[in-house]
1. Go through (1) open to solvent by less than 40 Å² (accessible area, probe 1.4 Å); (2) at pLDDT 95 or above and name the single condition P96 misses.
2. Six or more apart or on different chains, Cβ atoms under 8 Å: show the pairs whose first residue is in the stretch 217-243 and over 19 Å from W145 (Cβ atoms) and whose second is of a type in the set (S, T, Y).
3. Answer yes or no: is there a residue in the stretch 92-100 that is closer than 24 Å to G207 by Cβ and of a type outside the set (D, E).
4. What are the residues in the stretch 24-36 that are surrounded by 22 or more Cβ atoms within 10 Å (Cβ to Cβ) and either more than 19 Å from L104 (Cβ to Cβ) or over 16 Å from the mean Cα position of the chain (by Cα) (or both), if any?
5. Please go through the stretch 56-65 and give me each residue that is loosely packed, with under 13 Cβ neighbours inside 10 Å and at pLDDT 95 or above, ordered by number.
6. List pairs: first residue in the stretch 161-187 and closer than 10 Å to D23 by Cβ and open to solvent by less than 60 Å² (accessible area, probe 1.4 Å), second residue assigned to a helix (DSSP H, G or I) and charged (D, E, K, R) anywhere in the structure, Cβ distance under 9 angstrom, at least six positions apart or on different chains.
7. Looking at S115, is it open to solvent by less than 50 Å² (accessible area, probe 1.4 Å), within 30 Å of L203 (Cβ to Cβ) and in contact with a strand residue (DSSP E or B) (Cβ under 8 Å, 6 or more places away or on another chain)?
8. For the stretch 44-144, which helices (runs of 4 or more DSSP H) that fit wholly inside it have 1 or more residues that are touching a Pro at 6+ places or on another chain (Cβ under 7 Å) and more than 19 Å from Q30 (Cβ to Cβ)?
Amino acid sequence: MGLYAEVAGEGPEIVLFHEGICDSRMWDPQWDAFTRSHRVLRFDFRGYGRTPLSRGKHVAAQDVIDLLDEHGFERAAFVGVSLGGRVALEVALAQPNRVSALVLVGSGLPGHDWSDEMKASWEEEEAEFNKGDLDAAVEVTLRTWVDGPRRKPEDVDAGVRARVGEMQRRALEHYQEVGDDAEEELLVADVAERLGEIQVPTLVVIGAEDVPDIHAIADKLANEIPGARRATIEDAAHVPSMERPEEFERLVLDFIEEAA
């Protein structure tokens, strides 16, 4: 089963990897701006948006490589957020010739020792999901990732919260259908030990209001990827591209054009 994908625009290639609380619709604010000057691919990972979750084992990074082959993307700038950042790193290490630049936004990293606060949040979300209360489970996600540890819901744009909530609820619905019968395996399990192998221009982006764990991962990426730059987007948590779209677009496109 293939992934849902969209391709538009002409020019240098960009691949957009969505995060684990969203799907490819998170890129709606950037789609017109990016496709005016680049050929852009966005897609839904398995279990997100318009790609169902399949039973059995799957490898997200291999799915992406297959998608690059299918749509003729030879060498692209990868823009990955959270889950998408982790998968982009896997692809970059497995097939370094396929990537021209990396933009890692609030990226995940295999092997990170998550804090007790994050574990408690996931346990609360799981408890609500197991009770069948998807709305309550989504609200836990929104409080953790969209509001962040220092803000209240009323401090965040209600439209952003609603859009993320809709995408996260769809992911939970997919998981409800298949549940524990699906399992993702890593294509590159030792990403954290191999960051020094990355030889393409890399920009590490973090929302100032994101959780401390994600700031710690950003520190590691910026320190251990050779030549990596770091940028902070103020007044945004884990979805800076949605909270501060124009600032995000300028930051990313300027970096990609300079890297080229």
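1. Failed condition: (1).
2. I225/T202; G227/T202; A228/T202; R229/T202
3. yes
4. Passing the criteria: only F34.
5. none
6. Here the result reads M167/R25, each pair linking the stretch 161-187 to a residue that is assigned to a helix (DSSP H, G or I) and charged (D, E, K, R).
7. Criteria not met by S115.
8. 83-94
The values are calculated or read from the model by the stated rules, or taken from the named source; none is laboratory data. Quick caveat, the model's predicted, so the values are computed rather than measured. In this analysis, Cβ positions are derived from the backbone assuming ideal geometry, glycine residues included, and neighbour counts consider all displayed protein chains. Remember, those area values only see protein heavy atoms, side chains included, never the ligands or the DNA or RNA. Shrake-Rupley method; radii C 1.70, N 1.55, O 1.52, S 1.80 Å.
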